[in-house]
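Chemist: Could you have a look at this structure, given as structure tokens, before my questions?
The values are calculated or read from the model by the stated rules, or taken from the named source; none is laboratory data. Note that this is a predicted model, so its numbers are computed, not measured. Quick reminder, even Gly has a Cβ in these numbers, built from the backbone with ideal geometry, and neighbours come from all protein chains shown.
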Amino acid sequence: MKMKLIYPRWPKLDRQTEFHLPPHGPVVFAATVPPEVDLEFTDENLEPVDFDGAVDLVGISTMLTAQLPRAFEIAREFRERGVPVIFGGISTMLHAEEVAQHADSVFLGEAEGRFAQVIDDFQKGRLKKRYDYMNTPPDTALVGTARREILNRELYNYRGVQMLDLVHASRGCKFDCFPCCTGFLGGKNFRPRPIDKVIEEMEAIRNNRLFIVDNSLAQDRQWLKDLFTAMAPLKKKWVSHPILDDDEILKLAADAGAWYVYQAVFDTSEVIRNRIRRLKEYGIGIEGTIILGTDDQSEDDIKRLVDFLLEVELDVAEFTILTPFMQSPIRRQLEKEGRILSNDWSRYTADKVVFQPRQMSPEKLQELYYYAWDTFYAGGGHQLKMGELFKQVIRREIEDGTYHRYNPKKRRGFRKNQEAVAP
Ligand code: B12
Ligand code: SF4
């Protein structure tokens, strides 16, 4: 049987350099698809969808709410051709009822240990309308090595530099921050994978640069110590979401190859200033993630925040506008207060104002979004600052002998759809 897996396109953040990381959800999901199924993957951000090739079942994998309008169009095209469509992924879980109206089947929850049954049902003509495992997450020991070979690797490079490979060592998050849907998705529990399986997966990735996409590396001190200690001999260089702000952990992270981390910056406090200073002391770069439009921010606060980011010499900053995603705590609050202005999901890209800010008009907040990007990057664009971060990692790789240059034109040691980095 032939299954086509599709990752629908969405508009990227206005002002940010457009780059495309390999999608993680689809390759992790692919590892749950029985091997006898002939699986073909299309990332529509980079390749057109072929609506006419012979296929038995279409799977649509959605991460973001902003992917949904396009996902529904894709589903309609296939269903009009008589091909059944099943949806899964994060925004499918967040918008389950709406998605069900556009699908033959919706899969809610994590797929490990579950998808073989779905294929069996399908082959027996008994595909259910809904598979719901939201409250019964699988044992994380069942999470297999992602099937990265389904990716067309040639597409994931930026000016000849290969994109990072994504991997995760844990699921869930015990925190429940106001703008985040993770509490709903993962039941507010930290669920680590067995470290030996994570190391095995990382080792099998030939790319030296990884993005550890765990929600937060600040949840369990002992587990972090064990993970970073086990990672150090691999000599990988990696990016991650925030790491526990603790000297021992940061030292272990740096020794294990921490290259730069995402760090939310909400205010101009000493806590944030010290956290940034400490990361720098350990040679770890920082990409600040800054949400604009929270209730405590006035126009002056936002301008002061941008000055602060320049003053503390953040390596890179990613500004987004507060967005009330479904199932997030902020959504519940803004709904209660009648402050949601739009439910057009194509506007839920995190660079558009879709709610009524407390201290300014929606237009002013939109203007401040552009002000923040333009002011922070006035002395050198986003590309230039990212370039500096890349220079840092190249220096470290040259020092420890792990430097590889990926050159898609040369294609030495590189075959289409194969896990390889040209030397
Ligand atoms: C990693 C990540 C990223 C990575 C993207 C990596 C990538 N290329 O894949 C990066 C850092 C780039 C990123 C960026 C953004 N992200 Co993000 N990200 C995440 C994170 C932390 C984990 C996602 C993940 O990979 N999970 C692991 C995989 C394996 O799980 P999964 O996708 O659910 O897949 C499983 C199942 O769903 C199922 N499955 C998957 N597909 C399919 C398909 C079928 C057919 C079936 C049956 C099953 C199935 O099988 C898998 C295995 O069990 C989530 C938070 C979270 N916990 O979900 C936020 C999250 C998805 N991100 C979010 C947001 C908002 C963003 C940004 C817009 C803004 C920002 N700065 O945060 C940007 C958007 C990018 C852009 N520039 O336009 C929001 C999405 C909200 C929404 N409703 O749209 C989330 C939920 C966090 C939050 N704030 O609540 N993100
Ligand atoms: S923002 Fe990060 S730390 Fe907070 S709940 Fe979401 S994933 Fe967890």
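Chemist: Could you give every pair whose Cβ atoms fall below 6 Å, whose first residue belongs to the stretch 44-59 and is in contact (Cβ under 8 Å) with a residue 60 or more places away in the chain, and whose second residue is assigned to a loop (DSSP other than H, G, I, E, B) and of a type outside the set (A, V, I, L, M), counting only separations of at least 6 or pairs across chains?
Modeler: Cβ pairs passing all conditions: Leu46/His20; Leu57/Pro84.
Chemist: State whether one or more residues within the stretch 139-146 are part of a helix (DSSP H, G or I), within 11 Å of ligand 1 (Cβ to nearest atom) and surrounded by fewer than 17 Cβ atoms within 10 Å (Cβ to Cβ). It would help to see each step written out before you state the result.
Modeler: Start the filter on the stretch 139-146 by keeping residues that are part of a helix (DSSP H, G or I), which leaves 140-142.
Filter again for within 11 Å of ligand 1 (Cβ to nearest atom), leaving 140, 142.
Retained after the next criterion (residues that are surrounded by fewer than 17 Cβ atoms within 10 Å (Cβ to Cβ)): 142.
Scanning the stretch 139-146, I find at least one residue that is part of a helix (DSSP H, G or I), within 11 Å of ligand 1 (Cβ to nearest atom) and surrounded by fewer than 17 Cβ atoms within 10 Å (Cβ to Cβ), so the answer is yes.
Chemist: Could you tell me whether Leu68 is buried (at least 23 other Cβ atoms within 10 Å of the Cβ) and either within 30 Å of Gln383 (Cβ to Cβ) or acidic (Asp, Glu) (or both)?
Modeler: On the way: buried (at least 23 other Cβ atoms within 10 Å of the Cβ): yes; either within 30 Å of Gln383 (Cβ to Cβ) or acidic (Asp, Glu) (or both): yes.
Yes: the conditions hold for Leu68.
Chemist: When only residues in the stretch 163-187 that are touching a helix residue (DSSP H, G or I) at 6+ places or on another chain (Cβ under 8 Å) and either without any contact (Cβ under 8 Å) to a residue 40 or more places away in the chain or under 18 Å from Phe211 (Cβ atoms) (or both) count, which is farthest from ligand 2 (Cβ to nearest atom)?
Modeler: Per the criteria, the residue is Asp165.
Chemist: Mind checking whether some residue in the stretch 177-185 is in a loop (DSSP other than H, G, I, E, B), within 20 Å of Arg114 (Cα to Cα) and not basic (Lys, Arg)? Lay out the reasoning, then the answer.
Modeler: Of all residues in the stretch 177-185, those in a loop (DSSP other than H, G, I, E, B) come to 177-181.
When the remaining residues are screened for being within 20 Å of Arg114 (Cα to Cα), the result is none.
For the stretch 177-185, residues in a loop (DSSP other than H, G, I, E, B), within 20 Å of Arg114 (Cα to Cα) and not basic (Lys, Arg): absent.
Chemist: Is there a residue being under 21 Å from Phe175 (Cα atoms) and either out of contact with any His (no Cβ under 6 Å at 6 or more places or on another chain) or assigned by TED's automatic domain parsing to the domain that holds Pro362 (or both) anywhere in the stretch 297-304? Lay out the reasoning, then the answer.
Modeler: Residues of the stretch 297-304 under 21 Å from Phe175 (Cα atoms): none.
No, every residue in the stretch 297-304 fails to be under 21 Å from Phe175 (Cα atoms) and either out of contact with any His (no Cβ under 6 Å at 6 or more places or on another chain) or assigned by TED's automatic domain parsing to the domain that holds Pro362 (or both).
Chemist: Right, something else. Could you tell me how many of the residues in the stretch 332-349 are surrounded by 13 or more Cβ atoms within 10 Å (Cβ to Cβ) and within 20 Å of Gln366 (Cβ to Cβ)?
Modeler: Total satisfying the criteria: 10.
Chemist: If you scan the stretch 376-391, which residues turn out to be in a helix (DSSP H, G or I), surrounded by fewer than 16 Cβ atoms within 10 Å (Cβ to Cβ) and of a type outside the set (D, E, K, R)?
Modeler: Gln383, Leu384, Gly387, Phe390 - these are the residues of the stretch 376-391 that are in a helix (DSSP H, G or I), surrounded by fewer than 16 Cβ atoms within 10 Å (Cβ to Cβ) and of a type outside the set (D, E, K, R).
Chemist: Regarding Arg159, is this residue crowded, with 18+ Cβ neighbours inside 10 Å, more than 12 Å from ligand 1 (Cβ to nearest atom) and outside the structural domain of Glu18 (by TED's automatic domain parsing)? Give the steps one after another, and end with the answer.
Modeler: Details: crowded, with 18+ Cβ neighbours inside 10 Å: no; more than 12 Å from ligand 1 (Cβ to nearest atom): yes; outside the structural domain of Glu18 (by TED's automatic domain parsing): yes.
No, not satisfied.
Chemist: Same structure again: Given the criterion under 30 Å from Asp56 (Cα atoms) and away from ligand 1 (no atom under 11 Å from the Cβ), identify the matching residue among Lys129, Lys174, Lys197. Let's see the steps before the verdict.
Modeler: Working: Lys174 fails: under 30 Å from Asp56 (Cα atoms); Lys197 fails: under 30 Å from Asp56 (Cα atoms).
Just a single option satisfies the conditions, and that option is Lys129.
Chemist: What about Phe325, is it over 22 Å from Gln383 (Cα atoms), buried (at least 16 other Cβ atoms within 10 Å of the Cβ) and either in contact with a strand residue (DSSP E or B) (Cβ under 7 Å, 6 or more places away or on another chain) or not basic (Lys, Arg) (or both)?
Modeler: Values: over 22 Å from Gln383 (Cα atoms): yes; buried (at least 16 other Cβ atoms within 10 Å of the Cβ): yes; either in contact with a strand residue (DSSP E or B) (Cβ under 7 Å, 6 or more places away or on another chain) or not basic (Lys, Arg) (or both): yes.
The answer is yes for Phe325.
Chemist: Can Thr349 be described as out of contact with any strand residue (DSSP E or B) (no Cβ under 7 Å at 6 or more places or on another chain), over 22 Å from Ser269 (Cα atoms), within 16 Å of ligand 2 (Cβ to nearest atom) and among the β-branched types (Val, Ile, Thr)?
Modeler: On the way: out of contact with any strand residue (DSSP E or B) (no Cβ under 7 Å at 6 or more places or on another chain): yes; over 22 Å from Ser269 (Cα atoms): yes; within 16 Å of ligand 2 (Cβ to nearest atom): no; among the β-branched types (Val, Ile, Thr): yes.
When the stated conditions are applied, Thr349 does not pass them.
Chemist: With the requirement that a residue be at pLDDT below 95 and more than 17 Å from Asp315 (Cα to Cα), what does the stretch 362-399 give you?
Modeler: Glu397, Ile398, Glu399, listed by residue number.
Chemist: Right, another one. Is there any pair linking a residue in the stretch 87-107 that is free of Cβ contacts under 8 Å to residues at least 40 places away in the same chain and within 15 Å of Leu127 (Cα to Cα) to one that is near ligand 1 (Cβ under 9 Å from one of its atoms) and part of a helix (DSSP H, G or I), with Cβ under 8 Å and at least six apart or on different chains, and which?
Modeler: Ser105/Val118; Val106/Thr92; Phe107/Thr92; Phe107/Phe115; Phe107/Val118
Chemist: Still on this structure, I have one more. If you take just the helices (runs of 4 or more DSSP H) that sit entirely in the stretch 260-346, which of them hold at least 3 residues that are of a type in the set (D, E, K, R) and touching a residue at least 12 places away in the same chain (Cβ under 8 Å)?
Modeler: Working: elements: 270-281, 299-311, 329-336.
Because the criterion is at least 3 residues that are of a type in the set (D, E, K, R) and touching a residue at least 12 places away in the same chain (Cβ under 8 Å), the helices (runs of 4 or more DSSP H) in the stretch 260-346 that meet it are 270-281, 299-311.
Chemist: For the stretch 242-259, how many residues are crowded, with 19+ Cβ neighbours inside 10 Å and either in contact (Cβ under 8 Å) with a residue 40 or more places away in the chain or under 23 Å from the mean Cα position of the chain (by Cα) (or both)?
Modeler: Adding up the residues that qualify gives 7.
Chemist: Could you list all residues from the stretch 193-245 that are farther than 16 Å from Met163 by Cβ, within 16 Å of ligand 2 (Cβ to nearest atom) and not in a helix (DSSP H, G or I)?
Modeler: Asp214, Asn215, Ser216, Leu217, Ala218, Gln219, Asp220, His241, Pro242, Ile243, Leu244, Asp245
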